[in-house]
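Q: First the structure, which I've put down as structure tokens, then a few questions once you've had a look.
Only the coordinates and a few stated rules stand behind these numbers; no lab work does. Just so it is clear, the model here is predicted, and its values are computed rather than measured. Methodologically, a virtual Cβ is constructed for each residue, glycine included, from the backbone with ideal geometry; neighbour enumeration extends over all protein chains shown.
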Amino acid sequence: MDPNQIKQMIVDGIPGAEAHVDGDGSHFVARVISDEFAGMPVIKQHKMVYAALGDSMESAIHALSIQTYTREAWEKARKFQTL
């Protein structure tokens, strides 16, 4: 599986989400931005991402690091990355 496939699964599975996925074919990092995450515990946010990926988490994806953000939190995080 490649990062673009994972990105598309996340975007299709979480309406209005933006996803950035990097990886080497078996280990991936996903940054997922969605206002659906507002007020939700991190564990539930991650479960939403896992649900969007379905059975791929048990077969094609060996390891996935997930970072979830609301749009507001993403904008704040991006400001710190450019410093």
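Q: For an R0 of 30 angstrom, estimate the FRET efficiency from the Cβ-Cβ distance between K44 and M1 and round to the nearest 0.05.
A: 0.80
Q: In what sequence do V29, V49, V11, V42 fall when counting other Cβ within 10 Å, fewest first?
A: The order, fewest Cβ neighbours first, is V42, V29, V11, V49.
Q: Still on this model: Helix 71-81 versus the longest principal axis of the chain: what angle, 0 to 90°, nearest 10, using Cα atoms?
A: The answer is roughly 90 degrees.
Q: Would you calculate the separation in nanometres between label points at R71 and D24, each defined as 7 Å from the Cα along the Cα-to-beta-carbon direction?
A: 3.6 nm
Q: Using only the alpha-carbon atoms, how far is helix 42-53 inclined from the longest principal axis of the chain? Give it as 0 to 90 degrees, nearest 10.
A: The helix 42-53 is inclined about 40 degrees to the chain.
Q: With equal scatterers on the alpha carbons only and no solvent term, can you work out the Debye log10 of I(q)/I(0) for the chain at 0.11, 0.14, 0.17, 0.24 1/Å?
A: So the normalised log intensities work out to -0.27, -0.44, -0.64, -1.17.
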